[in-house]
Amino acid sequence: MVAQDDGVARVALELPLRANLTAVDNIALIPLYQRHFDAAESTRQARAMLDALGYGDIAALRDPDMTPAQRFVTQLARALMLKRPRLIIDRPGAMLYDVPYPAFIAQLAARPEIDGTWEIYDFDWNLALYPQ
Amino acid sequence: MNFLAASIESLGARFVGWFGVGYGLFAFAGRAALLLLDRSTWNRATYDVVIKQVYFTAVQILHVFLGYALVISWLLITIILSTAREFGLTEFATEMTIRVLVLELLPFLTALFIALRSGSAINTEVALMRVNNELDALAHCKVPPMQFEFLPRLIGGVISVVVLAALAGLLALLLAYLSIYGLTMAGFDAFTQTVAKIFDFRIVAGLVIKCALFGLAVTLIPVVSGLETPKKLFMVPVSVLRGMMRVFFAIVAIEVLSLALKYI
């Protein structure tokens with residue numbers, strides 16, 4: 001149901017990146033089409049978002065060339081770029097199978113340039129993975 | 001009796017299927033046409049993607065295409081000229097060359113070339129986008145797939161086929177002149193008079209419309225076919241197969257219709 005809600009930006013396995021676009025182009029689509037910035041400014045904003053998450057070096061990678069963590073960060077950057085009131089990370093274990101994901105997400109959320117509250121939807125049986 | 005009922009049922013199902021496909025194509029074309037008229041479509045982003053599409057569909061293959069047009073034109077001009085000389089009809093060779101090559105064969109081959117190179121790629125890409133939920137992701141991000149993915153491909157296809165057919169036609173005219181008159185200006189007046197006689201407004205408009213329809217067919221049909229793909233990876237080859245068969249039938253239908261309108 002949350003997928004239909006305009007106030008929610010989702011990071012989920014079933015909302016993948018455009019496979020033939022680079023990480024930065026995937027993120028730049030949002031300012032380009034929603035806020036009608038030109039290509040150069042949209043790319044600058046997308047790069048800034050990746051830098052803020054500490055992943056500026058993946059800007060030129062396409063989806064098939066990314067590790068699961070890099071792919072997740074790009075999807076997260078795209079969701080952050082949407083600037084919606086809520087950000088939901090839906091079943092992160094399905095996307096972040098190469099890192100201890102609760103710590104990884106906490107580390108991204110703690111970066112100084114990143115603000116807002118993220119909600120994580122995960123299976124009950126993974127609750128033990130999260131710090132209480 | 002059962003056989004008759006089954007045959008009628010099967011025929012009816014096919015008819016409904018064809019009607020569904022036709023309706024889907026025209027409905028999509030109608031939506032695209034409405035968006036073309038919408039001012040908000042013509043933003044910088046769409047314009048950039050159109051330029052990219054024209055580059056990938058036409059500019060990137062220009063040297064290969066012109067080489068291919070050169071060889072085909074040279075072969076056919078040689079055949080037409082030698083046959084015309086054999087039957088003592090040399091004075092009709094120029095007109096015959098232009099009518100066969102420039103008006104019919106080269107636009108048809110251009111459409112086939114673009115269909116095989118870009119149409120199949122578009123069909124596969126759209127089918128994969130649908131199967132992998134990439135279109136859903138774009139919708140979630142409120143990036144309109146019609147403006148971002150589909151419309152630029154349609155416009156790029158139309159521009160590419162029209163421009164490539166025009167370039168191939170010009171190349172064929174040049175080759176025809178050189179083959180008939182050689183490297184002299186002696187036949188220039190006669191040649192340009194024949195060209196002017198054939199290319200009246202009706203013929204030029206018909207040629208441009210035909211090429212535009214070819215361009216639309218080689219992009220619109222693969223896009224719609226890709227969008228119809230069920231969300232199963234193994235259905236992607238089936239979608240491309242169906243899409244390319246429809247493209248072939250559409251190209252032949254446009255050519256037949258154009259010939260019928262011109263000569264019957």
Exercise for review: Enumerate the amide H contacts of B:Gln60 below 5 Å, restricted to partners 5 or more residues apart or on another chain; note that Pro and chain-start residues carry no placed amide H.
Suggested key: none
**Study point:** Most mobile listed residue (B:Glu91, B:Glu104, B:Glu228) in chain B, GNM with C-alpha springs under 10 Å
**Key:** B:Glu91
Check your understanding: Given that compact globular proteins tend to follow 2.2 N^0.38 Å, what is the ratio of the alpha-carbon Rg of region B:177-264 to that value?
Key -> 1.68
Check your understanding: Label B:Phe188 and B:Phe234 with points 7 Å out from Cα along Cα→Cβ: what is the distance between them in nm?
Key -> 6.7
Check your understanding: Tell me, what ³J(HN,Hα) does each residue in region B:81-95 have, in order and in whole Hz, if you take phi through Karplus 6.51 cos²θ - 1.76 cosθ + 1.60 with θ = phi - 60° and put x for Gly and Pro?
Key -> 5, 5, 5, 4, 5, 4, 9, x, 10, 4, 5, 9, 4, 4, 5
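Suppose the chain between B:Met1 and B:Gln60 were pulled fully straight at 0.36 nm per residue; how much longer would it get relative to their current alpha carbon spacing?
On the way: separation 59, 0.36 × 59 = 21.24 nm, distance 5.87 nm.
15.4 nm is the gain from fully extending B:Met1 to B:Gln60.
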Review point. For chain A, what does -39500 (n - 2.57) per DSSP helix run (n ≥ 4), summed and divided by total residues, give at 222 nm, in deg cm²/dmol to the nearest 500?
Key: -12000 deg cm²/dmol
Exercise for review: List the lysines whose Cα lies under 23 Å from the Cα of B:Lys142, skipping any in the same chain that are fewer than 8 positions away.
Suggested key: A:Lys83, B:Lys52, B:Lys231
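State the extension gain, in nm to one decimal, for the chain segment bounded by B:Ile79 and B:Tyr47, taking 0.36 nm per residue of separation less the distance between their alpha-carbons. Walk me through the intermediate numbers first.
Details: separation 32, 0.36 × 32 = 11.52 nm, distance 4.37 nm.
So the chain would gain 7.1 nm between B:Ile79 and B:Tyr47.
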Study note, to complete from the structure: Computed over chain B: longest principal axis from alpha-carbon atoms vs helix B:151-181 long axis, angle to nearest 10 degrees, is 10
Check your understanding: Can you run phi through the Karplus equation (6.51, -1.76, 1.60; θ = phi - 60°) for region B:99-116 and list ³J(HN,Hα) in whole Hz, with x for Gly and Pro?
Key -> 5, 6, 7, 6, 7, 10, 5, 5, x, 5, 5, 4, 4, 5, 4, 5, 5, 5
Exercise for review: Go through region A:86-95 residue by residue and turn each phi into a ³J(HN,Hα) via Karplus (6.51, -1.76, 1.60, θ = phi - 60°); whole Hz please, and just put x for glycine and proline.
Suggested key: 10, 10, 10, 9, 9, 6, x, x, 6, 9
Revision key, fill the gap. Kirkwood Rh over alpha-carbon pairs of region A:15-132 plugged into Stokes-Einstein at 4 °C, 1.567 mPa s gives a D in µm²/s of 88
Study note, to complete from the structure: The convex hull of the Cα atoms of the protein assembly as shown, divided by residue count, gives a volume in Å³ per residue of 206
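Using R₀ = 45 Å, calculate the FRET efficiency as 1/(1 + (r/R₀)^6) where r is the Cβ-Cβ separation of B:Leu36 and A:Asp51; round to 0.05. Present the calculation step by step, with values, prior to reporting the outcome.
Details: r = 38 Å, r/R0 = 0.84.
Approximately 0.75, to the nearest 0.05.
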Revision key, fill the gap. What one gets for region B:43-263 as the Kirkwood radius, inverse of mean 1/r over different Cα pairs in Å, is 18.9
**Study point:** Amide H contacts of A:Val11 (H built 1.01 Å from N, under 5 Å, at least 5 apart or other chain)
**Key:** A:Ile88, A:Ile89, A:Asp90
Review point. What's the angle, to the nearest 10 degrees (0 to 90), between helix A:23-34's Cα axis and the longest principal axis of chain A?
Key: 70
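No lab work stands behind these numbers, since they all come straight from the coordinates. Keep in mind the model is a prediction, meaning the values are calculated, not measured. Don't worry about glycine lacking a Cβ; one is built from the backbone with ideal geometry, like all the others, and counts go over all protein chains shown.
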